[in-house]
Every structure is written in structure tokens, then in C-alpha cells.
Amino acid sequence: MLWMAHHRAPYPGSPLAARLGALRGLWPADRRGPWIVLGAALLVAAVDVAVIVLIATGRGRRLALPGGAALGALAALVTLQGLHQGEHLVQVLQLLATGGDADRSQGVVTRLDQELVHLVWTSGVWLGCAVLLLRFRHNRWLWVAFGVAGLHDIEHVYLYLVSLQPAIELHGGVNGILATGGLAGGPLQRPYLHFLYNLLELLPLVAALLDELDARRGSVQPERRPLRMRSARA
């Protein structure tokens with residue numbers, strides 16, 4: 001958990017303490033970092049453009065899920081993202097409770113805290129939003145979630161790629177792009193930044209689901225039956 005380097009205070013003489021001390025202030029060690037970011041951004045932008053073209057031309061309707069299935073998929077996505085957000089919340093609370101001790105702030109499912117897992121999850125949310133937009137193209141909150149998830153995915157594509165290159169990863173690459181100590185740097189450490197990313201995905205997803213449920217309730221109105229006059233012969 002090198003991204004919490006200046007949060008933790010490992011015992012003197014430990015291998016981790018020596019390693020963290022050697023890494024301070026060394027980013028960037030490799031100028032390929034910006035090119036990796038550009039490649040990740042272009043990949044996400046290409047998919048975004050493809051989705052927009054499908055929706056704008058109407059071709060996406062043939063690929064869209066049926067209404068009921070799409071609503072169920074949206075509800076499932078909200079539920080799963082809510083559970084994922086809970087994992088991030090636990091980790092942040094652990095950090096606050098332990099004074100930033102990463103060893104005791106591993107969340108609930110610690111074995112899944114790997115760059116590939118993070119990439120697959122974030123890509124799944126982003127692409128899930130894209131698929132749902134083919135059905136719910138007028139849902140503005142779903143568009144917001146799609147946009148935020150795309151930006152979040154750029155971070156994780158970058159993080160995964162630098163994890164394959166030790167020369168970059170071991171010199172601050174694990175901080176990503178916008179976290180403190182990352183390529184661009186920012187005010188938030190990685191765990192807090194990604195907590196915010198996930199929250200900004202979850203809230204519009206919840207709003208999108210509520211909008212679709214309201215629209216479905218509004219469209220299911222009791223059918224009005226015309227008044228029938230008794231026959232004069234009766």
C-alpha cells in the first residue's frame with residue numbers, strides 16, 4: 001500500500017520503512033507516465049464517442065436491453081456499486097480511526113485490493129452505464145454517472161499499466177494521476193480520492209434508478225373505461 005506512504009509510520013528498521021523512505025520525492029522517475037495517461041484517455045474517449053454515435057443515430061436501439069431487463073440491470077448496478085462504496089467507506093473509517101495506519105486499514109475484502117481487480121470493477125461500471133444508456137438515453141443522471149466512471153477508469157487504466165512497469169510504480173506511480181504524489185498531484189491521498197470517485201458514481205446512479213422507477217410508475221396508469229349507457233331496450 002505504497003499510496004499511503006506518508007500516512008503510515010512503520011517501525012524503524014523494517015523493510016517497508018526503508019522502502020518507503022527510498023521512494024519519497026522520486027516521482028516521476030520515467031517520462032513515459034504522461035503518454036500512458038494520454039493512451040488511457042484516448043481509449044476511454046473512443047468508447048464514449050462510439051456510445052454517443054450509437055445513441056444519436058438510433059442504431060443503439062437494436063442493441064438495447066428490453067425495458068424490464070434494463071431496469072433490473074440498473075438496480076443491480078446500483079446495488080453492487082453501493083457495496084463497493086461500502087468497502088471504500090470502511091477503509092476510510094479505518095484510516096481515520098488508526099491515524100492513517102495502512103496495515104490496519106485494509107477494508108473488508110483485502111485479497112481483492114489489487115490493481116487488476118480495481119480496473120475490472122471500474123471498467124464494468126463505466127461500460128454498464130454505456131449499455132444502459134442505449135435504453136435510457138434521456139436519463140441525465142445516467143449520463144453523469146457515465147462521465148464520472150469514464151474519468152475514474154482513466155485513473156485505473158493508468159494505475160494498472162504502471163503496475164506492470166516497476167520503474168514507474170516504485171517511484172510514485174501507485175498514486176495515480178490526481179492523488180497527492182501522483183503524476184498531476186492533488187489535495188487528496190489515493191484512498192480518499194477514490195472514495196470520492198465512487199461516491200460521485202453512486203449518487204447519480206441512485207438518482208437515475210429513481211427517475212426510471214418514477215417514469216415506469218407514471219406510464220402504468222389505470223386504463224380509463226368509457227362510460228356505457230344502458231340500451232333503451234333494457
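Descriptive notes on the structure:
- The peptide list 83-91, 154-162, 134-142, put in order of mean Cβ contacts within 10 Å with the highest first, becomes 154-162, 134-142, 83-91.
- Computed from label points 7 Å out along Cα-Cβ, the spacing between Arg59 and Leu93 is 4.8 nm.
- Average 1/r across all pairs of distinct alpha carbons in region 178-217, invert it, and you get the Kirkwood radius: 11.7 Å.
- Two-decimal log10 I(q)/I(0) for region 67-137, as the Debye equation yields it once each C-alpha is a single scatterer, q = 0.13, 0.17, 0.21 Å⁻¹: -0.49, -0.71, -0.90
Each value in this text was obtained by applying a stated rule to the coordinates, not by laboratory testing. In this text the structure is predicted, and so the values were computed from the model without any measurement. Every residue, glycine among them, receives a Cβ derived from its backbone with ideal geometry; neighbour counts consider all protein chains shown.
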